[in-house]
There are 2 protein chains.
Amino acid sequence: MYCIVHFFGRQVFFTRIFMCSGVRKDLKEARRQAMMDAAEALFLEKGYGRTSLSDIIRRSKGSRTTLYENFGSKEGLLRTIIKEACLKAQQAIQADDKPLSLTEESLVDLGVRFAAFALTPMSLAVFRIIAMERKLIPELAENFFETSILPIREQLIRRFQNSLDAEKLPCSIDRVATVFLGSILGDLHFRHSLGLSKDTPEEIREHVRSAVRIFLNGIGGVERKAA
Amino acid sequence: MYCIVHFFGRQVFFTRIFMCSGVRKDLKEARRQAMMDAAEALFLEKGYGRTSLSDIIRRSKGSRTTLYENFGSKEGLLRTIIKEACLKAQQAIQADDKPLSLTEESLVDLGVRFAAFALTPMSLAVFRIIAMERKLIPELAENFFETSILPIREQLIRRFQNSLDAEKLPCSIDRVATVFLGSILGDLHFRHSLGLSKDTPEEIREHVRSAVRIFLNGIGGVERKAA
DNA sequence: ACTTTCATGTACTGTATAGTACATTTTTTC
DNA sequence: GAAAAAATGTACTATACAGTACATGAAAGT
């Protein structure tokens, strides 16, 4: 048995593999994975509509037949990619479930990790694709939201419920969490979605720090200043 | 002279017009406008990639030749539509330049008008299209940002400069304005871009009110609470 | 009224592409 | 080691579409 392994960026696949028995499934799986990697890369790069199956086949060094056996159609491939992306997002977020105290530093850290995740080329591309193809895959749009933003919001809500006096807040805990996340991500996500700017990690941290400061003041329960 | 006027939804165009002299230019302009209306509607509905020129020609009851004479190419048509949308946005925002005091009611009103504008099907569609085609029309992406978000932010910044003591703020005035707008729009725009939910005006107002309250507390300049 | 000019409509071309059918190669089974 | 089964590669089909060329028809000038 021998195999030739190609490296294409972060993408690994096998060709010309003469195997001992029982390895077939692995090969099939490897091909499938190679196709998904290629499709993912191309969808991120050019979007769903502009990516042709031939592109994907070329890049993955696979074949049309294999693609159709694994995914059934172009749409099937898209669904698989998006689902996988959601799964990855979920795992990344769960792995990131650090204990959270309501100090500036702690919230800034949470915010920066959240922003860093949401501004990943991957996250942005998935967002764009779903925004565009939302009529094709509406249930995956929900899935995306539920596995990316919602877990973080719920983590925040739990934390707030334990530490904040709901009576003294200017609005419900749910809204507090929503407003907080929005203030962190709103501007950044909007600009990055449009490909307008690529803020440095330092700039992002500074922005998040500003948002956190205003937020912590904001839920402090002191009387407002009118001008 | 007589003309037959067709109504197709909000779209008006003329066919079979036998005119007195000098009206030709008007007809040409009407045709051009009909095409832009049709293209706009279709781009909003199906996106740029999924809309074919034949669709647009059919819907506008115009002809291929006219389309190419007016816009040169499909991309030219897209550019025209986006530019026009930016222009409309700019006008809508300028018309909306009410005097602003830093009271809760005043900021809620501003926020609600801002959100209402940004969550318009039109605004969302333009956003989606630019996000998707940003590599085709990068300068229009900038243009979009500069004519939609930026004017409002600058209006806020001017207002803040007049009324707030920069020394007492937790961060620069620019960031204050950015964070404020983000806290209002972040969550709403994200969900609406994905087509996930259609909040009622009441819900939007409640959300904006929450954001404004937290914000006004937040810039109050009091010491933060740590937990 | 006749010609010129401009606007419009339509038929066509070349290309790209999703999906299918079949041929080829590799692995398993006996 | 030959036949069967499975996986893979490739050639093809049908279609959709952007863009072009040309034909048709109406208004303007004289």
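The numbers here are math on the coordinates, done by the rules we state, and not lab data. If you're wondering where the values come from, they're calculated on a predicted model, not measured in any experiment. So basically every Cβ, Gly included, is an ideal-geometry build from the backbone, and we count neighbours across all protein chains shown.
Structure values in brief
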read-out	value
Sites A:Thr103 and A:Ser63 - FRET efficiency at Förster radius 56 Å, r taken between beta-carbons, to 0.05	0.50
Pairs from B:Lys61/B:Lys198; A:Lys74/B:Lys28; B:Lys46/B:Lys98; A:Lys28/B:Lys74; A:Lys28/A:Lys98; A:Lys83/B:Lys198 whose Cα-Cα separation, in the structure shown, is over 31 Å	B:Lys61/B:Lys198; A:Lys74/B:Lys28; B:Lys46/B:Lys98; A:Lys28/B:Lys74; A:Lys28/A:Lys98
Cβ-based net charge around A:Gly182, under 12 Å, with every Lys or Arg adding one and every Asp or Glu removing one	+1
Other protein chain Cβ atoms within 10 Å, averaged over every residue that makes up A:194-200	4
Per-residue ³J(HN,Hα) for region A:82-98, Karplus 6.51 cos²θ - 1.76 cosθ + 1.60, θ = phi - 60°, Hz, x for Gly and Pro	5, 4, 4, 4, 5, 4, 4, 4, 4, 5, 4, 6, 5, 5, 9, 7, 6
Per-selection Rg to Rh, region A:49-144 - Cα, Kirkwood hydrodynamic radius	1.10
From the C-alpha gyration tensor of the protein assembly as shown, square roots of 5λ in Å	40, 37, 16
Burial ranking of peptide ranges B:187-195, A:158-166, B:54-62, A:192-200 (average Cβ count within 10 Å, highest at the top)	B:187-195, B:54-62, A:192-200, A:158-166
Computed helical MRE - 222 nm, chain B, DSSP H runs ≥ 4 contributing -39500 (n - 2.57), nearest 500	-23500 deg cm²/dmol
Charge tally in the Cβ shell below 14 Å around B:Pro201, where Lys, Arg are +1 and Asp, Glu are -1, B:Pro201 excluded	-1
More than 15 angstrom apart: percent of Cα pairs within region B:30-101	54
Cα centroid of region B:143-219 to Cα centroid of region B:53-123, whole Å	21
Charge tally in the Cβ shell below 11 Å around B:Ala116, where Lys, Arg are +1 and Asp, Glu are -1, B:Ala116 excluded	-1
Alpha-carbon gyration tensor eigenvalues x 5, square-rooted, for region B:101-218, Å	26, 19, 11
Percent RCO, i.e. relative contact order, over chain A, from Cα pairs under 8 Å lying at least 6 residues apart	17
Extended-chain gain in nm, criterion 0.36 nm per residue less alpha-carbon gap, A:Lys46 and A:Met122	26.1 nm
Sequence-separation-based contact order of region A:46-171, relative, with Cα cut under 8 Å and 6+ spacing, percent	30
FRET efficiency for A:Gln91 and A:Arg158, using Cβ-Cβ distance with R0 set to 25 Å, rounded to 0.05	0.80
In sequence order, calculated HN-Hα J values of region A:175-181 (Karplus, 6.51, -1.76, 1.60; Hz; x Gly/Pro)	5, 4, 5, 4, 5, 4, 4
Average beta-carbon neighbours from other chains, 10 Å sphere, peptide B:45-57	2
Inter-chain shielding of A:204-214 (mean C-beta neighbours from other protein chains, 10 Å cut-off)	6
Sites B:Glu202 and B:Lys83 - FRET efficiency at Förster radius 41 Å, r taken between beta-carbons, to 0.05	0.75
Reciprocal mean inverse distance between Cα atoms of chain B - Kirkwood radius, Å	20.1
Approximate spin-label separation B:Arg113-B:Ser172, in nm, with each point projected 7 Å along Cα-to-Cβ	2.7
